1. Can you pull out the residues in the range A:173-194 that are surrounded by fewer than 19 Cβ atoms within 10 Å (Cβ to Cβ) and within 29 Å of residue A:103 (Cβ to Cβ)?
2. Considering each residue of the range B:58-69, count those that are within 9 Å of the chain's Cα centre (by Cα) and assigned to a helix (DSSP H, G or I), and give that number.
3. Of these, B:138, B:112, B:148, B:119, which one is surrounded by 19 or more Cβ atoms within 10 Å (Cβ to Cβ), within 12 Å of another protein chain (Cβ to nearest Cβ) and in contact (Cβ under 8 Å) with a residue 12 or more places away in the chain?
4. Do any residues in the range B:169-194 that are within 14 Å of residue B:91 (Cα to Cα) have Cβ atoms under 6 Å from those of residues that are acidic (Asp, Glu), where the two are at least six apart or on different chains, and which pairs are they?
5. Within the range A:21-39, can one find any residue that is within 14 Å of chain B (Cβ to nearest Cβ), hydroxyl-bearing (Ser, Thr, Tyr) and surrounded by 15 or more Cβ atoms within 10 Å (Cβ to Cβ)?
6. Could you list all residues from the range A:172-194 that are in a loop (DSSP other than H, G, I, E, B) and at pLDDT 95 or above?
7. What are the residues in the range B:74-89 that are of a type outside the set (Val, Ile, Thr) and in contact (Cβ under 8 Å) with a residue 12 or more places away in the chain, if any?
8. Quick one: is residue A:79 modelled with pLDDT under 95, not assigned by TED's automatic domain parsing to the domain that holds residue A:115 and not aromatic (Phe, Trp, Tyr)?
2 protein chains.
Amino acid sequence: MARGRRAGPTRTRTAILDAARASFAARGYDAVSLRGVARRAGVDPALVHHFFGTKSALFAAAMELPVDPGSFVATLAAGDPATLGERIVRALVELWDGAGAFAGMLGLIRGAVSHPDAARLLREFVSSEILGPLAASAAPDHPQRRAALASSQIIGLAMARRIVAIEPLAGADAAWLAAAVGPAVQRYLTEPLP
Amino acid sequence: MARGRRAGPTRTRTAILDAARASFAARGYDAVSLRGVARRAGVDPALVHHFFGTKSALFAAAMELPVDPGSFVATLAAGDPATLGERIVRALVELWDGAGAFAGMLGLIRGAVSHPDAARLLREFVSSEILGPLAASAAPDHPQRRAALASSQIIGLAMARRIVAIEPLAGADAAWLAAAVGPAVQRYLTEPLP
């Protein structure tokens, strides 16, 4: 007996991820909802919640990021705010260095330098899910300004280490980079701004 | 009488610039010489010197950068080393904001995220002509390490302001950015490193 082409879990998951990629590419991060992705995929919104839980987890799966941004941020925010800069740098460098883990980030950066829509997607995702919440967890004031400044250093570190490959940043270990670059991120997150 | 197709100054200059672009694309920045560019263009090396003077000026013309890197760096290095970070950030932001002036920089960054050869070109140029000499002018030690760290912040600022367009960095004026980001660059250039 031939197997029918049923909408099984794998096909449903694939359809949701395809719809998510199309939604994020067209609308950026902030304007996309799990409900809208479900509608585009032609599935019940409860299924999207069932498979992915949160928008950030859906984004991470669609973009092949190596971790769920929600738990990544929660772990960092739970530590001492006075060492947040060093911990962010170390955790991100270790993440990028994981086998195959930089591919998703590289895709986001490549997209951002070629297409304004992809630049908006990277900007909104980093601000809404990574550095915005981290700045709000640690900063006395101006979380958006602090998140933007920290983003400039983090994006530049990703470029310098993994894309432009500037030595000694390309070959340095995560602990040294955390000690060298962490204080700059820390200053943006918690010290007085102009 | 019809005008013949003579190898006049404009055609010679164009041939040199084409040869320079091909040489830099294939070999990076450091391995290219004015003599090699002249050979590729089929002109006398004295003509390349006559039109462009230095390799950095030839590179700037070939890549449509808005200034000669040599005089840009000389002006910055002539000031107080204690304010170098803020002056670098302010001068670069004002440069990028000039009409049409970011196109060359954007081309270099777009190339770098797509092709390892273009990444090498950006890396070698920034290190050899911009931040390497500036770090050497101001730093007590480790000029390459300092230049690399400063590069990470400068490249990230260019990405955040002009490509990913993260607010408030995208809309901030040069003086505010110099005050906010300059101290991070200053720290990389002159303060003790791990």
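1. Within the range A:173-194, A:173, A:174, A:175, A:176, A:179 meet the criteria.
2. 3
3. B:148
4. B:174/B:94; B:178/B:86; B:182/B:86
5. yes
6. A:172, A:173
7. Selection gives B:76, B:77, B:81, B:82, B:84, B:85, B:86, B:87.
8. In short, no.
The values are calculated or read from the model by the stated rules, or taken from the named source; none is laboratory data. Note that this is a predicted model, so its numbers are computed, not measured. FYI the Cβ positions are ideal-geometry reconstructions off the backbone, even for glycines, and counts take in every protein chain you see.
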